[in-house]
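Notes follow the structure.
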Amino acid sequence: MSDGLVVDAIESYYGDFKALHGVSLTLKPGSVLALIGANGAGKSTLLKSICGLVSPKAGRVSWRGRDITGLRGAQTVGLGIALVPEGRRLFKSLSVEENLILGGQIGRPGPWGLARLYDLFPILAEKRHQPATSLSGGQQQMVAIGRALMSNPDLVLFDELSLGLAPIVIKDIYAQLPKITGQGMSAILVEQDVTRALNAADQFLCLAEGRVSLSGAPRDHSRDAISAAYFGT
Amino acid sequence: MDLLNTVLQGVLVGGLYALFAAGLSLIFGVMRLVNIAHGDLIVLAAYIAMEVIKLTGLPPLAALVFVVPLMAALGYGLQRAVLNRTLGGDLLPPLLVSFGLSVILQNGLLAAFTADSRKLDAGVLETASVSVGGLSIGLLPALMFATAVAVIAALQFMFYKTALGRAFRATSDDAEIAELMGLDRRRVYAWAMALCLGVVAIAGVFLAIRSNFDPFMGPGRLIFGFEAVIIGGLGNLWGTLAGGVILGVAQGLGAAIDPGWQILAGHVAFLLILAVKPRGLFPRMDG
């Protein structure tokens, strides 16, 4: 039994729409997986099926040898799984610091706390009493990342980190990524920018129309093969 | 002087309306639930207080020591067992279920306690008053108003300064993401309802000391509560107090002109404010 994440032939629905048709993946502790695929390929649904916001209708998700299929989001966070949601989804009536505190309120022990986060993103310390949604897009993304890290996760699911952000900001955030994942933490990275995602990851999985079209280590496949898998040709 | 006195009495009665409204405002803010049974729960609290007094011989306000936790526990259970099942997307199911609850409560109270009107006896507190510069201030209305201010200040503090309040606000903003912070929304909602019915217990006891009550006066209290919430603006607890005061003063002035106009004057004031400021005087929250 693996001590990482094992997704075994899950089938999940997005409303009435079947978004995943028997998707499987394994992720070893400490590795970073780039999850790529066109819009509507099922990337977000896969992440939600792992963290418990979507309950797969068939198949199995196990984490550190434990079956977590169908657990609620409020339970998976205690097991060390955190999501940085697409579009950030900060709590708008909470300040920056309150968003972060809420992220850490389950009290899971580990290296991350307010002081360390403010060290990683100094601008957040400066703006900690402001309403979270008054910040710029990039700063909001930092809050979203920080909120996830505050739960001291062993697996972080990043959904569309760079969506709607300026290229310079994206570069900054990616520059911080090794500092985050370098702690033996595993990560799944969903990203529109395929090249950036592949560079940051040691393995990848490409989804097309709810099925795995290609997977492996980025260096083992040519860009042509990956792009063919991406477009489902 | 008469006018000033009328306004003052209206302000003090407004405290009671604010107590009716504070729980409604909290519940709507946290879970977008419009609880039609809110008024009947106030009346239920009055009957529970009556029974507690019978059993213990305590004076009405002291009976709150039992009534508040009883109502809070009822709120927690009601939310977990019934209302949580109705929430999610559509506004209609919780509305219908709480309407049904209202009918059940009214008829349950009728079966248990008959239609006779009752009153809680608070002794000298009911008639005691102090004179301030020619104005006579009843001790009970003054206490009611002070309680409303204290309750709203406490709720405000809870909402903005405590971990529970943070959980309420986060769940209200985005319940799905709040789940990922370990907040089980079913439990968060149950705590909100417990708190709401704790306030309802206080409102119920004051109502029962101030006037007669019977099983069917809930819907009227619900309307006053709603009007206070809407006048003050959704999501604003201090606004709710202002709403209660405006309603109380309007009713007082109406009654001063003609006793038959008391209730009508309150509704007219409500409609006027709604026409001029559809989102209330101090809105904090959208829809």
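All of the numbers you see were taken from the coordinates with simple rules; none came from a lab. No experiment lies behind these values; they were computed from the predicted model shown. All Cβ positions, even for glycine, are placed from backbone atoms using ideal geometry, and neighbour counts span all protein chains on display.
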- Item | Taking B:214, A:3 and counting other C-beta atoms within 10 Å, the order from fewest to most | A:3, B:214
- Which whole number in µm²/s is D for the protein assembly as shown by Stokes-Einstein, with the Kirkwood Rh taken over Cα pairs at 4 °C and 1.567 mPa s? 50 µm²/s
- Task: Using only Cα positions of region B:155-287, each an equal point scatterer, no hydration layer, compute I(q)/I(0) via Debye at q = 0.10, 0.14, 0.22 Å⁻¹ and quote the log10 values to two decimals.
- Result: -0.42, -0.77, -1.32
- Task: Compute from the Cα atoms of region A:24-158 the Rg and the Dmax, the latter being the longest Cα-Cα distance, and quote both in angstrom.
- Result: 15.4, 46
- Please pull out the direction-averaged projected area of chain B, using the convex hull of its alpha-carbon atoms, in nm² to one decimal place. 15.4 nm²
- Query: What order do you get for B:60-70, A:86-96, A:109-119 when each peptide is scored by the mean count of other beta carbon atoms within 10 Å, highest first?
  - Reply: A:86-96, B:60-70, A:109-119
- Message: Exceeding 21 Å between C-alpha atoms, which entries from my cross-link table qualify? They are A:48/A:171; A:92/B:161; A:92/A:127; A:18/A:48; A:43/A:179.
- Response: A:48/A:171; A:43/A:179
- Query: Of the peptides B:43-51, A:66-74, A:174-182, how do they stack up when ordered by the mean number of other Cβ atoms within 10 Å, highest first?
  - Reply: B:43-51, A:66-74, A:174-182
- For region A:122-174, what class follows from the C-alpha gyration tensor (a ≥ b ≥ c being the square roots of its eigenvalues): rounded when a/c is under 1.5, otherwise prolate if a/b is larger than b/c, else oblate? oblate
- Item | Cβ-based exposure ranking for B:277, A:48, in which fewest neighbours within 10 Å come first | B:277, A:48
- Query: With a ≥ b ≥ c the root eigenvalues of the C-alpha gyration tensor of region B:104-223, is it rounded (a/c under 1.5), prolate (a/b larger than b/c) or oblate?
  - Reply: oblate
- Note on the structure: Placing one equal point scatterer on each C-alpha of chain A and summing with Debye, one gets log10 I(q)/I(0) at q = 0.11, 0.17, 0.18 Å⁻¹ equal to -0.53, -1.27, -1.41
- Item | Cα-based shape type of region A:1-67, given that a ≥ b ≥ c are square roots of the gyration tensor eigenvalues and the cut on a/c is 1.5 | oblate
- Which of the aspartates and glutamates could be linked to residue B:54 by a straight reach, that is with a Cα gap under 15 Å, when you skip same-chain ones fewer than 8 residues away? B:121
- Query: Taking the Cβ of residue B:201 as the center, what net charge do the other residues with Cβ under 14 Å away carry, scoring Lys and Arg +1 and Asp and Glu -1?
  - Reply: -1
